[in-house]
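Written out below as structure tokens is the structure these notes cover.
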Amino acid sequence: MRRLSVRLLLSHVLVAVIGGLVTFWIAHLTAPRFFDDSVGLAQRTTGGHTPGAGPAQGGGNAGLGTLAKQQFADAVDKALLLGTVVGVLIAAVFGAFVAWRLLRPLAAVGVATRRIAAGEYDARVPAAGVTEFDRLAADVNALGASLADTEARRVRLLGEVAHELRTPLTVIDGYVEGMIDGVLPAGPEQLGQLSDEVRRLRRLAEDLSTLSRAEEGRLSHVPARIDLGRVVADAAERLRPQAEDAGLTLVVRCEGGLTVDADADRLAQVVTNLVGNAIRATPAGGSVEVGVTRDGRSASVRVTDTGEGLDAADLERVFERFFRVPGRRGGSGADTGSGIGLTIARQIVRAHGGELTASSPGRGRGATFTATLPLAG
């Protein structure tokens, strides 16, 4: 009784049985009365005598009339009973056919989901020609495509992380072996190189850990009432030497007096990520502008560059974990490293009740990243 096919079949049979029984009951109650009315009308039409019978036959005709009425009622009952049985059988056959037609698409969905669960993300559900099932099939197919894309990016991330780990580890291994063999001195310069590579490894590990906590909703932040313009300006100014080394003009225009309830360190992390990405995406001679303005009851932090820009299809995808825009400077474009910086930045902004979005006129025409935060009070 828990199977949908059984329930569909039983529902058709039950409808047929109820319809047949109701028809049988009504016919059984009303057929004799209709018969009496018909006989009475005939007698009135022929002057009180049954057509073809003489006066001496009146008593016999009454008995025959009662017998005929009973025979008529029995015949009607048998006909209705036969019709009910046949109707139930036809309803059962039709119900089984309908159940099969309806459940066949569900079986296809089940097969596809099991294949997707087994890692065959290219499994697809064919259209069934029924609107509701086609919508379900489209959702399952979209799920498979999304999982396939996520898996591909995960595999790519593993390779990229392995590459990022391999470079500093190779440097460290080379320096340490050189020092052991006496080829390299263990002086401040060599130890400084080792320290830089260790910090690089630590930063990569921290980024991956931060991403994990952000997606699990465990990203800690301590909100306090802060001047948003000052926090953004300080974070941007720390990257001014990097912008100047890249031959870029960094413009910082932050409106004062805009207070928000937020974690200053986390917001500085967002600004550092956005400005750092803009610097890496902009060729020498370009500019990066950082601004904070009021938008009604919210404050907006905008980082605009004159760099390579983004395609319309990538405006949302740049915030997906592990996504990296192909063919960009440094191999990433809007995002860098392992492709998780913007994912973390958006999670931080959303944790503060805001939103981080991207816009761009197109390739080669720059991009703007906007973080919107509610004002305090």
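Any read-out appearing in this document is the output of simple, stated calculations on the displayed coordinates, not a laboratory observation. Keep in mind that what you see is a predicted model, and the values were worked out from it rather than measured. When we count neighbours, we look across all protein chains shown, and the Cβ atoms used for this are built from the backbone with ideal geometry, even at glycine.
Please state the charge dipole magnitude for the stretch 224-374, taken about the Cα centre, from unit charges on C-beta atoms (+1 on K and R, -1 on D and E), reported in debye and rounded to the nearest 20.
So the magnitude is around 160 debye.
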Around THR170, under 15 Å between beta carbons, what's the net of Lys plus Arg minus Asp minus Glu among the other residues?
-3
What does a probe at LEU147 reach in the stretch 108-140, counting residues whose amide N is under 17 Å from the point 7 Å along Cα→Cβ?
108-126, 136-140
Cut-off 20 Å, label 7 Å out along Cα→Cβ of SER209, residues of the stretch 167-200 by amide N
168-169, 195-200
Treat each spin label as a single point 7 Å out from the Cα along the C-beta direction, and report the LEU10 to ILE90 distance in nm.
2.5
In whole µm²/s, the translational diffusion coefficient that Stokes-Einstein assigns to the stretch 131-215, given a Kirkwood hydrodynamic radius over C-alpha pairs, 10 °C and 1.306 mPa s, equals 97
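Let me check I have the definition right: for the stretch 224-374, take the eigenvalues of the Cα gyration tensor, multiply each by 5, take square roots. What are those semi-axes in whole Å, largest first?
On the way: eigenvalues 108, 59, 35 Å².
Over the Cα atoms of the stretch 224-374, the semi-axes work out to 23, 17, 13 Å.
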So who's got an amide H within less than 5 Å of the one on SER298, skipping anything under 5 residues away but keeping other chains? H placed 1.01 Å off N, in plane.
LEU375
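Grab the beta carbon distance between ARG166 and ARG230, set R0 = 35 Å, and tell me the FRET efficiency rounded to 0.05.
On the way: r = 41 Å, r/R0 = 1.16.
The formula returns an efficiency of 0.30 here.
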